[in-house]
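I have placed the structure first, in the form of C-alpha cells, so that the comments after it can refer back to it.
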Amino acid sequence: MAYKQGTEAMAGAGLTRRQAIQGLGAGVAAGMAAGPQAARAAAATAPTATALPARAAFAPTSLAYLDNGSQHPLSLGGQAAIEAYLAKRRLDPAAQGYDLDEEGLLAKFARLINADPDEVTYVQSTTAAEQMVLRALDLPGNGGARVVTDTLHFFGSIPLYEEMARQGVDVTWVRAVDGRIRMEDMAKALAAGARLVALSHVSTINGFEHDLKAVCDLAHAHGALVYADMIHAAGCVPVDVKASGVDFAACASYKWLMGDFGLGFLYVRRDVWPQLKRCAYGYYGIDTFQPHIYPLDPPGAAVADYAFADNATGRFALGTHSHAVIAQLHHSLDWIMATGVARIQAHAQGLVALLKAELPARGYTVMTPRECRAPIVTAICADARARIGPAMAAAGVKLTLSANRFRLTPSVQNDDADIDRFLAALPRA
C-alpha cells in the first residue's frame, strides 16, 4: 500500500508512473547504501564521476543485454588494458616498460570492500575460495562439526554441503520463506552452535540480500564464523566487510567487477588467521626462500629454508593466476570506484523497480523481494526456455533463462529502452 501511495504522490507532482516507480527504486537503493562505504565511494568519484547509463564505455551492440549477472560485457577500457598487457607479452619494444602491479590490484579491491590489503588474496573462482575456507577450518575433519547454510545460497554449493554431510558434517539448511531467509529461522538453526555459517551475501537465485552484520553478530554469539559469497554484491552493492564483521568473503571477477573468468578474490579477516589450518603450500604464498641444492647456494641442513607470508596470500595462495585479468581489472576497479558503487546501484534500481512493477501486471510471480537493492529480478515461468526463449531471441534480448524461471540483471550500460524491448517481447504468463 505504501508503495502504491508513493507512486501516486510522485505522479501527482508531475512525474509519469514510470518515473515515479524508478524514483522510488533509486531512493530505496540510495537510502540503504548510506554509510561509511557510500561516503568513501562519493569522495572517490567526485573528480571523475561517469554519467549513467554508460553506453559509450562499451562496444555498440544490437542486443538488449540484460544478463550482466551471468557474465558482464567487457568494457572498451578493459579491452585496452588487456591489449596493453598483451603488447608486453608479445615483446613489443614500445611496451616493455609495462607494469602489471599485482599487489596494487589487491589494494584496489581491498579498498572497494573496506578491507586491509593483506586480508585479500587472489583465487581462481568463488567456488575454489569456498572450498579453501572449508579446508582451512578442517572440514569435514573427523566429523561432528556443524555448518549452517540456506537454500538461497549459490546452487553450485549445494553439492558441496551435501557431500560435507555425507562425510560426517552436521549440515543444517535454512529454507527460504517468501523469497527471504528469515533471521528467526537462522537463530533457530544456530541455537545449538556451529563451526561455520555459509551464505550468499546476495542470492544468485532471486537477489535476496542478507543483513550481513545481523547474521555475523548472531553467528559470532553462537561461536560460528561466517563465509559470504559476494559475487553478486561486490561492484554493484556497497560492501563493507569491516562494518559487517564477516570472517570470509569471496567473489570471481566476471560479473559485477567487469573482469573475466579465471580470477577472483578471497577476503580473510585478520582476527581469524590464528584459527586456520594451513591448506595451501603454493610458491606464491612464500615470503622468503633460500635453497641449498643449486650451484653457489649457501650450505644448509635442509633442502631449502623458507617462510610463508603472514597475510591472506601466505595462507591461501597456490600457483600462477591470470595476468591478463589483473590488467583488465585495474581499469575496471578504477572505473567502478570513480563512478561510485552507490550510484551504480541507484541506476540499476530505477530499472529493476520498473520490472518489479510490470511483471506482476503481466501475470508473472516475482521471486525477488520488493525491498532487495541488488540489480536482480527473477520471475517464475514454467518451462521458461521454451515459453519465452524464442521471443527473446527474435527481439534481440539476452537474459538468464532457467528451467522454470527467468532472471534479468541490468547494469551500468542499460537504460529504459532495454527494459522496454524486453517487456514488448514478453508474452503474458
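Read the figures in this text as sums done on the coordinates, not as results from a lab. Computed from a prediction, not measured in an experiment: that's the story for all the values here. Here Cβ is always computed from backbone atoms with ideal geometry, including for glycine, and neighbour counts include all displayed protein chains.
Please give the contour-minus-distance gain from Ser62 to Ala87: 0.36 nm per residue of separation, less the Cα-Cα distance, rounded to one decimal in nm. Kindly include the intermediate steps, with their values, before the conclusion.
Numbers: separation 25, 0.36 × 25 = 9.00 nm, distance 3.00 nm.
Roughly 6.0 nm would be gained on extension.
Between segment 76-153 and segment 169-226, how many Å separate their Cα centres?
25 Å
Share of antiparallel DSSP beta bridges in segment 131-204, in percent to the nearest 5?
Once the DSSP bridges in segment 131-204 are tallied, antiparallel ones form about 10 percent.
For the pair Arg182 and Glu371, how long in nm is the line joining their label points, each one 7 Å along Cα→Cβ?
1.4 nm
Nothing charged except the Cβ atoms of Lys and Arg (+1) and of Asp and Glu (-1): what's the magnitude of the dipole of the chain about its Cα centre? Round to the nearest 20 debye.
1340 debye
Suppose we look only past 30 Å in the calculated P(r) of the chain. What percent of the Cα-Cα pairs does that tail hold?
47 percent
Any idea which of Asn404, His220, Phe155 is furthest toward the positive side of the dipole for the chain, if Lys and Arg beta-carbons carry +1 and Asp and Glu beta-carbons -1?
Asn404
Convert 4 °C to kelvin, take the viscosity as 1.567 mPa s, use the Kirkwood radius over C-alpha pairs of segment 171-300 as Rh, and evaluate the Stokes-Einstein diffusion coefficient in µm²/s, rounded to a whole number.
76 µm²/s
Using alpha carbons only, how many degrees (0 to 90, rounded to 10) separate the axis of helix 126-136 from the longest principal axis of the chain?
With rounding to tens, the tilt is 50 degrees.
Tilt of helix 341-361 relative to the longest C-alpha principal axis of the chain, in degrees (0 to 90, nearest 10)?
It is inclined by approximately 40 degrees.
Over segment 202-275, how many percent of alpha carbon pairs lie in each 5 Å bin up to the one with the longest distance?
3, 15, 26, 24, 17, 10, 4, 1
Please give the length that would be gained between Ala361 and Ala309 if that part of the chain were fully extended, namely 0.36 nm times their separation in residues minus their C-alpha to C-alpha distance (nm, one decimal).
Additional length available on full extension: 13.0 nm.
Based on the alpha-carbon gyration tensor of segment 260-306 and its eigenvalue square roots a ≥ b ≥ c, which shape applies: rounded if a/c is under 1.5, prolate if not and a/b is larger than b/c, or oblate?
oblate
Which angle from 0 to 90°, rounded to the nearest 10, does the C-alpha axis of helix 36-45 make with the longest principal axis of the chain?
Approximately 90 degrees, to the nearest 10.
With just the Cα atoms defining each centre, how far is segment 392-419 from segment 237-270? Give it in Å.
That distance is 25 Å.
Just subtract the alpha-carbon distance of Glu102 and Ile158 from 0.36 nm times their residue separation and send over the number in nm, one decimal.
16.9 nm
If packing is taken as the mean number of other Cβ atoms within 10 Å per residue, what is the order of 196-205, 219-228, highest first?
196-205, 219-228
Is it possible to state the helix-based mean residue ellipticity at 222 nm for the chain, with each DSSP H run of 4+ residues giving -39500 (n - 2.57), the sum divided by total residues, to the nearest 500 deg cm²/dmol? What is it?
Computed mean residue ellipticity for the chain: -12000 deg cm²/dmol.
With point charges of +1 on the Cβ of Lys and Arg and -1 on the Cβ of Asp and Glu, referenced to the Cα centre of segment 175-215, which listed residue (Leu199, His210, Ile181) lies farthest in the positive direction of the dipole?
Sorting the options by dipole projection puts first Leu199.
Average projected area of the Cα convex hull of segment 336-429, in nm²?
On the way: hull surface 22.9 nm².
Answer in nm², one decimal: 5.7.
Of the DSSP beta bridges with both residues in the chain, give the percent that are antiparallel, rounding to the nearest 5.
Around 55 percent antiparallel, to the nearest 5.
Within the chain, how many Lys pairs sit with Cα atoms under 24 Å apart, leaving out pairs fewer than 8 places apart on the same chain?
Close lysine pairs under the 24 Å cut-off: 13.
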